[in-house]
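Beneath this line is the structure, given in structure tokens, with notes to follow.
The values are calculated or read from the model by the stated rules, or taken from the named source; none is laboratory data. Note that the structure is predicted; figures quoted are calculated from it, not measured. Here the Cβ positions follow ideal geometry from the backbone for every residue, glycine too, while neighbour counts run over all protein chains shown.
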Amino acid sequence: MLNYTSLFEGRTGPALVSAKGAGAPLTETISLNLQSLKDILVEHGAILFRNFSVASADDFHAVVSALSNDHLKYEYRSTPRSEVTDRVVTSTSYPAALEIPLHNENAYHHQWPLTVAFCCLEPAAQGGETPIACMREVTAHIGQALMEKFEQRRVEYIRHYHEGVDLSWQSVFQTDSRDKVRAYCEANQIRYEWLDDKLLRTSGIAQGVARHPMTGEKVFFNQAHLFHVSSLGPMNAEAMIGMYGLNRLPRHARFSDGGEISDAELRHISAAFKQSAITFAWQKGDVLVLDNMAYAHGRRPFKGKRTVLAALMDTYAA
């Protein structure tokens, strides 16, 4: 029987599994208790492994390999990352002074990982936490009326790949081939159009709400608040609209019927995530495993060097 405690006494949060002795291999603990860990993940939605011997990308690769045989490549990207191994990538390469809002991985797509893992090889000198939020709580804060609206109207994600702004189409699709872009879009229900020799436009409609395949819970599940131009802040959003127009923004989100998501609705969504956020300080060697539909994650600003790796596991298609 695997012993574990709660990371946060008296409130929702990850189950904490600590090594019994210094230098204990995490892969061994996982191999001996895999089904118990899967049950804990379904029940708690998150597990933090602490004080195990995880000191390198290869160690983390072995950990995620022990957790699952089903690993996702980070295709149709929304943020810049680098591959470290064939199962491990860097966490989002985003300016250290900026915060990455809470979100569920790949919730802008029809296919996403049910499990996401993070490994801290080097905590930041200051800040750099990975806040998480229980989607059951986020959903409750969002409320039934807005949940029903997103469930019925879904979300359209629109991207224009302007040179030198946001991610290039080559980075997003991980190819220099326009034929491969076409094939990917056609296979994944993404509309695409070359507006001129260089400018690609894509748009895809995905869920606003999803039902967890194991718990049966219905949760808010999209990235409208990240893709919407307002996420840049009022001044930057106004500058982007002034430069490209509302119809050629680098990225934007609206309802699938073409209706705009209101500023009030987006503020309400962001507030729901913030109300539910919980934070812990990374320790070197920590491994955090999240049920991607049960918990959202983000990143606090930081100072100093920070090395956090990530892995996507257990493919689920809506």
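Suppose the filter is assigned to a loop (DSSP other than H, G, I, E, B) and under 12 Å from Val287 (Cβ atoms); does Thr85 pass it? Spell out how you get there, then give the answer.
Working: assigned to a loop (DSSP other than H, G, I, E, B): yes; under 12 Å from Val287 (Cβ atoms): no.
No, not satisfied.
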- Query: Out of all the residues in the range 80-111, which are touching a helix residue (DSSP H, G or I) at 6+ places or on another chain (Cβ under 9 Å) and at pLDDT below 80?
  - Reply: Pro80
- Task: Output the residues belonging to the range 65-78 that are within 17 Å of the chain's Cα centre (by Cα) and of a type outside the set (D, E, K, R).
- Result: His71, Leu72, Tyr74, Tyr76, Ser78
- Task: Could you check, for the range 77-94, whether at least one of its residues is within 23 Å of Pro213 (Cβ to Cβ), free of Cβ contacts under 8 Å to residues at least 24 places away in the same chain and surrounded by fewer than 17 Cβ atoms within 10 Å (Cβ to Cβ)?
- Result: no
- Task: Within the range 260-316, count every residue that is touching a residue at least 24 places away in the same chain (Cβ under 8 Å) and either among the hydrophobic types (A, V, I, L, M, F, W, C) or out of contact with any strand residue (DSSP E or B) (no Cβ under 9 Å at 6 or more places or on another chain) (or both).
- Result: 28
- Condition broken by Ala140, with the remaining ones in (1) among the hydrophobic types (A, V, I, L, M, F, W, C); (2) in contact with a helix residue (DSSP H, G or I) (Cβ under 6 Å, 6 or more places away or on another chain); (3) modelled with pLDDT of 95 or more satisfied: (2)
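So is Ala22 among the small types (Gly, Ala, Ser) and surrounded by 18 or more Cβ atoms within 10 Å (Cβ to Cβ) or not? Let's see the steps before the verdict.
Numbers: among the small types (Gly, Ala, Ser): yes; surrounded by 18 or more Cβ atoms within 10 Å (Cβ to Cβ): no.
Criteria not met by Ala22.
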- Failed item, numbered, when Glu148 is tested on (1) surrounded by fewer than 17 Cβ atoms within 10 Å (Cβ to Cβ); (2) in a loop (DSSP other than H, G, I, E, B): (2)
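Out of all the residues in the range 98-107, is one or more free of Cβ contacts under 8 Å to residues at least 60 places away in the same chain, on the phi < 0 side of the Ramachandran plot and assigned to a loop (DSSP other than H, G, I, E, B)? Lay out the reasoning, then the answer.
Residues of the range 98-107 that are free of Cβ contacts under 8 Å to residues at least 60 places away in the same chain, as a first pass: none.
No, because not a single residue in the range 98-107 is free of Cβ contacts under 8 Å to residues at least 60 places away in the same chain, on the phi < 0 side of the Ramachandran plot and assigned to a loop (DSSP other than H, G, I, E, B).
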- When the range 259-318 is examined, which residues are found to be small (Gly, Ala, Ser), assigned to a helix (DSSP H, G or I) and buried (at least 18 other Cβ atoms within 10 Å of the Cβ)? Ala272, Ser276
- Only one of these is in a strand (DSSP E or B) and either touching a Leu at 6+ places or on another chain (Cβ under 7 Å) or in contact (Cβ under 8 Å) with a residue 60 or more places away in the chain (or both): Ile205, Ile158. Name it. Ile158
- Task: Among the candidates Arg81, Arg159, Arg154, single out the residue that is on the phi > 0 side of the Ramachandran plot and basic (Lys, Arg).
- Result: Arg154
- Of the residues that make up the range 41-50, is at least one among the aromatic types (Phe, Trp, Tyr) and within 14 Å of the chain's Cα centre (by Cα)? no
- Residues that are out of contact with any Phe, Trp or Tyr (no Cβ under 7 Å at 6 or more places or on another chain), touching a residue at least 12 places away in the same chain (Cβ under 8 Å) and surrounded by 13 or more Cβ atoms within 10 Å (Cβ to Cβ), drawn from the range 163-177: Val165, Asp166, Leu167, Ser171, Gln174
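When you look at Arg254, is it in contact (Cβ under 8 Å) with a residue 24 or more places away in the chain, under 16 Å from His160 (Cα atoms) and surrounded by 18 or more Cβ atoms within 10 Å (Cβ to Cβ), yes or no? Step through it out loud before you land on a result.
Details: in contact (Cβ under 8 Å) with a residue 24 or more places away in the chain: yes; under 16 Å from His160 (Cα atoms): yes; surrounded by 18 or more Cβ atoms within 10 Å (Cβ to Cβ): yes.
The answer is yes for Arg254.
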- Listed residues Glu193, Glu186; which is exposed (fewer than 14 other Cβ atoms within 10 Å of the Cβ), without any contact (Cβ under 8 Å) to a residue 24 or more places away in the chain and part of a helix (DSSP H, G or I)? Glu186
- Query: Do we have any residue at all in the range 60-70 that's surrounded by fewer than 19 Cβ atoms within 10 Å (Cβ to Cβ), among the acidic types (Asp, Glu), part of a loop (DSSP other than H, G, I, E, B) and touching a residue at least 60 places away in the same chain (Cβ under 8 Å)?
  - Reply: yes
- Go through the residues of the range 115-136 one by one and say whether even a single one is among the acidic types (Asp, Glu), modelled with pLDDT under 95 and outside any loop (DSSP other than H, G, I, E, B). no
